[in-house]
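None of the figures in this text is laboratory data; all of them are computed from the coordinates on show. Just so it is clear, the model here is predicted, and its values are computed rather than measured. Ideal geometry is used to build each Cβ from the backbone, glycine not excepted, and the neighbour counts take in all protein chains shown.
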Amino acid sequence: MNKIAKLFITFISAITLTLASISSSFAKVEDGYIVLGSAISLTGKYSSNGVHTQNGYNMAVDRINKMGGVKVGGKSYKFEIIYYDDESNPKRAAQLAERLIKQDGVHYMLGPYSSGLTKAIAPVTEKYKIPMVEANGASRSLFTKGYKYLFAVLSPANQYLEVAIDLAVEKNGGKPVKIAQAFEQDAFSQDVRLGILDAAKRTGSKIIIDDKLPKELNDMAATLAKVKATKPDVLVVSGHTKGALTAIRQISEMKVDVPMLAMTHCDAAKLSKQHGKNSEYALCASQWHKNLSYKDKFFGGGKKYDKDFKKEFGYAPPYQSAESSAALLVFKDAFERADSFDRDKVRDALKATDMQTFYGNIKFGPGGQNVAKPMILFQVRCKGDTCENKVVAPTKWASDKFFHPIPPWSERG
Amino acid sequence: MDFLIFQAPMLMVQASMDGILLGILFALIAYGMALQWGVMNIINIAQGDLVILGGYIAYTMYLAGIHPAWGVIVSPIIMYFVGWALYKLVINKVVDRDLFISILATFGIAIVFQQLMNFIFGADVVVAQSGYGTTMLFDNSVTLPNSKIFSAFISLVYAVALVVYMKKSRLGRAIRATAQNARAAKILGVDTEKVYAATFGINAALCGIAGALISITLTLHPYVGLPYTVRSFMIVIVAGLGNLPAVAISGMGLGLFEEFADYILGTEFRIGAVFMLLVFILVYRRFKLSKKREYLK
């Protein structure tokens, strides 16, 4: 390398360094903007849900900015988000969180997609005392570590399918039931499993099949053959979209008759779209449904959110988008109550959150999880060839009656 | 550990049938691998990703309203050219080199393919519906999805066709000659460069067929290629190169082994058991070889 080139490189790096230091002093709250940061999966295996999350954030930012922004100290501020692509990789997510905080000078964070990535980022935000409102990390272990700056608008994973067991017991005349379950071996699904174990203990029910599914799994014929042979009262499956799609495909192909089938990730798997009538009667856990009657002044209710979102992005919002939008509403509310940009004051305000959004009531428990919102269950019901998700539990929000037991395959067309 | 399977004979029948039907499909993928391994001395890590790409071709047809079963004809044709292009772009540069280099190169191809598929088709898990229904045996206690029977049947048809082709056709003979001794074949006027390209194309086409079958029997996702690579690698290790009946039998054996491991050890060890078996077989082979060497001494 010759001298000129060396000089040139030194020069460039000097400029970059200067710019970097300037930009970090510019960020956070400047020019009437509150800058939030988020590492999000725009590529890699979580990219579709990552995009749902980002769309949810963006929709809320637009809406809040349009409707007067955030009022702090008598002045109105607008939201702005800096995004980085974490490539669905936890290590990368942690690096990016560090970069957002140290280089970009972000003082408030929004969560990434999935429990795994949230787990990777939480220690970083905690270290720098950066309040983070997250909408897509449901794993129970996030809320038992004593994090002080982590707030989740969604219900923790162990609550996903507990209701389903209660429902099965209720349908069984209050008597304990036989449960067959298959869960993927990842943080989220194993938390869902813990919830089932709790529910089984509480109701005195017996778990007769307890299979764990590997990450690469796309064949669960063996589990289903066992289910066929042992005839449980309820079958519970959780393995992200892959688990939901595999289960329905093979249950219908192997003609497995089980009175009740409960799952997670049905709407992310577009279950009724991909499997049509074969998915009918499946019971699915969901954080949100458009038919719920919660309201707020920014999005109106769930149905209006659904309509506006469709208009903006061209598809119906999955709950991942709805909860992401709710995260922004929580931030806005906290800033206004804190009436300051002091991080600890904002944190304390977040801690004291008690509000209703279109997505549900939000109030944070001691671990930062949302304790004010129940999970809902919907059931896939078909009319002719069009299938829809109908809310069946809890009874307060139910639009349809829970159909039980599932008719045997010999009677299904 | 779960010994339910030994208490219920019907479960045993179910597991065996599932295993054999799936095994035949694995054997098809493995045969492609054995072919190009034998001819070019390349271990293709991207084998599974070629399979998944083939599956996405069938899925795309399904989305366009064409029955995905036609994928077993369309997908190999497209995949042949994908394989051929891959050879011209990358493989021809590593074909005579160290085995390690070809492993690295195909590993790189695998990553590129995964990301491309993720980019084009999205990260969602997808399935194509064949609507073939189910065959029920023994008073409904054993159920066989017709799509699995269909896939085993198609795999067999293609395998037989390929064997005949390799025996009778000019290109087939040229491929076999190159596998035996590339230099001698070259001297006798075989265009080995062409043979290599065709072999890689045929391998990719076989993957395409298998992928189309997987799209209607199992599920597709950009990142599930690796288990197929490992399975075919293992089948080839057991069966040896260029021995189709052995590949078919070891394919079915692996399918059976997987199903029984699933029942007895639990589903979480299904893929793990395959890896364990691989280690065991490699150690056993080494042990046998070292004995042979002792005789030679």
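Taking neighbour counts of Cβ atoms within 10 Å as a proxy for exposure, in what order, fewest first, do B:Arg183, A:Arg381, B:Arg285 appear? Could you put the intermediate results ahead of the total?
Details: B:Arg183 9, A:Arg381 18, B:Arg285 12.
Listing B:Arg183, A:Arg381, B:Arg285 from fewest to most nearby Cβ atoms yields B:Arg183, B:Arg285, A:Arg381.
Let me check against my output: what whole-number percent is the relative contact order of the stretch B:205-297, with C-alpha pairs under 8 Å and at least 6 apart? Intermediate results must be reported in sequence, preceding the final value.
Working: 32 pairs, mean separation 16.4, N = 93.
Dividing the mean separation by the residue count of the stretch B:205-297 yields 18 percent.
Provide the FRET efficiency to the nearest 0.05 for the A:Glu388-A:Lys3 pair, computing r from the beta carbons and using R0 = 51 Å.
After rounding to 0.05, the efficiency reads 0.10.
Going 7 Å from the Cα of A:Ser13 along its beta-carbon direction, which residues of the stretch A:96-112 have the amide nitrogen within less than 19 Å of the resulting point?
From the stretch A:96-112, the list is A:103.
Can you give the FRET efficiency to the nearest 0.05 for B:Val283 and B:Asn41, using r as the Cβ-Cβ distance and R₀ = 22 Å? Numbers along the way, then the final one.
Values: r = 23 Å, r/R0 = 1.04.
In this case the efficiency is close to 0.45.
Let me confirm the definition first: pairs of Lys residues in the stretch B:23-257, 8 or more apart or on different chains, C-alpha distance under 24 Å. How many are there?
Here the count comes out as 9.
I'd like the FRET efficiency for A:Asp339 and A:Tyr128, computed as 1/(1 + (r/R0)^6) with the beta carbon distance as r and R0 of 22 Å, rounded to 0.05. Numbers along the way, then the final one.
Working: r = 23 Å, r/R0 = 1.04.
E(calc), rounded to 0.05, equals 0.45.
Counting other beta carbons within 10 Å of each residue's own, what order do B:Met12, A:Met59, A:Met132 fall into, fewest first? Spell out each step's value before the answer.
Working: B:Met12 16, A:Met59 23, A:Met132 29.
Arranged by neighbour count, lowest to highest, B:Met12, A:Met59, A:Met132 become B:Met12, A:Met59, A:Met132.
Starting from a Cα-only point model with no solvent, please compute log10 I(q)/I(0) by Debye for chain A at q = 0.10 1/Å.
Once normalised to I(0) and log-transformed, intensities are -0.69.
Counting pairs of Cα atoms in the protein assembly as shown, how many percent are more than 48 Å apart? Please list the in-between numbers first.
Working: 63632 of 251695 pairs.
Within the protein assembly as shown, distances greater than 48 Å cover 25 percent of Cα pairs.
What is the list of residues in the stretch A:139-153 whose amide nitrogen lies under 15 Å from a point 7 angstrom out from the Cα of A:Leu194, following Cα to Cβ?
A:139-147
Which pairs break 25 Å Cα to Cα here: A:Lys102/A:Lys363; A:Lys75/A:Lys304; A:Lys119/A:Lys363; A:Lys171/A:Lys201; A:Lys91/A:Lys129? If you can, show how the numbers build up before the last one.
Values: A:Lys102/A:Lys363 30 Å; A:Lys75/A:Lys304 29 Å; A:Lys119/A:Lys363 21 Å; A:Lys171/A:Lys201 18 Å; A:Lys91/A:Lys129 20 Å.
Pairs exceeding 25 Å: A:Lys102/A:Lys363; A:Lys75/A:Lys304.
Starting from 0.36 nm per residue, how many nanometres of slack lie between B:Asp96 and B:Gln115 once their C-alpha separation is accounted for?
Between B:Asp96 and B:Gln115, full extension yields 4.1 nm more.
At what distance in angstrom do the alpha carbon centres of the stretch A:165-183 and the stretch B:110-157 lie from each other?
32
Between B:Arg183 and A:Asp210, how many nm apart are label points set 7 Å from Cα along the C-beta direction?
Placing both labels 7 Å along Cα→Cβ, they lie 6.3 nm apart.
Taking a 30 Å limit on the Cα-Cα distance, which of the listed pairs A:Lys297/A:Lys390; A:Lys228/A:Lys273; A:Lys66/A:Lys373; A:Lys145/A:Lys396 fall beyond it?
Working: A:Lys297/A:Lys390 26 Å; A:Lys228/A:Lys273 26 Å; A:Lys66/A:Lys373 28 Å; A:Lys145/A:Lys396 33 Å.
As for pairs spanning more than 30 Å Cα to Cα, those are A:Lys145/A:Lys396.
What Kirkwood hydrodynamic radius do you get for the stretch B:1-94 when you take the inverse of the mean 1/r over all pairs of distinct Cα atoms, in Å?
On the way: mean 1/r = 0.0625 Å⁻¹.
Hydrodynamic radius (Kirkwood, Cα pairs) of the stretch B:1-94 is 16.0 Å.
Which of B:Ala64, B:Ala185, B:Ala198 moves the most in a Gaussian network model of chain B with Cα springs under 10 Å?
Highest fluctuation among the options: B:Ala64.
Other chains' Cβ within 10 Å of A:247-260 residues: what's the mean?
If you average over the peptide's residues, the count of other-chain Cβ atoms is 3.
Considering every residue in A:223-233, what mean count of other chain Cβ atoms within 10 Å of its Cβ is obtained?
Working: counts 4, 2, 15, 9, 0, 8, 8, 2, 0, 0, 0.
Partner Cβ neighbours, averaged per residue: 4.
So, in nm, how far is label A:Tyr33 from label A:Glu80 when the simple model puts each one 7 Å beyond its Cα toward the Cβ?
With each label point 7 Å from Cα toward Cβ, the separation is 0.1 nm.
Give the value in nm², to one decimal: projected area of the alpha carbon convex hull of chain B, averaged over all directions. Don't jump to the answer; show the numbers that get you there.
Values: hull surface 70.6 nm².
Taking the Cα atoms of chain B, their convex hull projects to 17.7 nm² on average.
Once you list every other residue whose beta carbon is under 15 Å from the beta carbon of A:Lys171, what net charge do they have if Lys and Arg are +1 and Asp and Glu are -1?
0
Would you calculate, for chain A, the mean residue ellipticity at 222 nm contributed by helices, counting each DSSP H stretch of 4 or more residues as -39,500 (n - 2.57) and dividing by all residues, to the nearest 500? Mind showing how you got there, number by number?
Numbers: 12 runs with 167 residues, N = 413.
After summing the helix terms and dividing by the residues of chain A, the value is -13000 deg cm²/dmol.
Hey, how many Å between the Cα centroid of the stretch A:123-159 and the Cα centroid of the stretch A:300-365?
One Cα centre to the other: 15 Å.
Determine the dipole magnitude for chain B: charges of +1 sit on the beta-carbon of Lys and Arg, -1 on that of Asp and Glu, nothing else is charged, the reference point is the Cα centre, and the result goes in debye to the nearest 20. If you can, show how the numbers build up before the last one.
Values: 21 positive and 14 negative charges, 331 e Å.
Taking the Cα centre of chain B as origin, the dipole is about 1600 debye.
Order the peptides A:151-157, B:203-209, B:189-195 from the highest to the lowest mean number of other Cβ atoms within 10 Å of their residues. Walk me through the intermediate numbers first.
Numbers: A:151-157: 27.3, B:203-209: 29.4, B:189-195: 15.0.
Packing order, densest peptide first, comes out as B:203-209, A:151-157, B:189-195.
Relative contact order for the stretch B:23-257 using alpha-carbon pairs under 8 Å, separation at least 6, rounded to a whole percent? Numbers along the way, then the final one.
Numbers: 383 pairs, mean separation 110.5, N = 235.
Taking the mean separation of contacting Cα pairs over the length of the stretch B:23-257, I get 47 percent.
For a footprinting-style exposure proxy, rank B:Val90, A:Val169 by other Cβ within 10 Å, fewest first. Don't jump to the answer; show the numbers that get you there.
On the way: B:Val90 18, A:Val169 21.
Least crowded to most crowded, the residues run B:Val90, A:Val169.
From the helices alone, meaning DSSP H stretches of at least four residues, give me the mean residue ellipticity at 222 nm for chain B, per-run term -39500 (n - 2.57), in deg cm²/dmol to the nearest 500.
Numbers: 12 runs with 222 residues, N = 297.
Counting only the DSSP helices, I get -25500 deg cm²/dmol.
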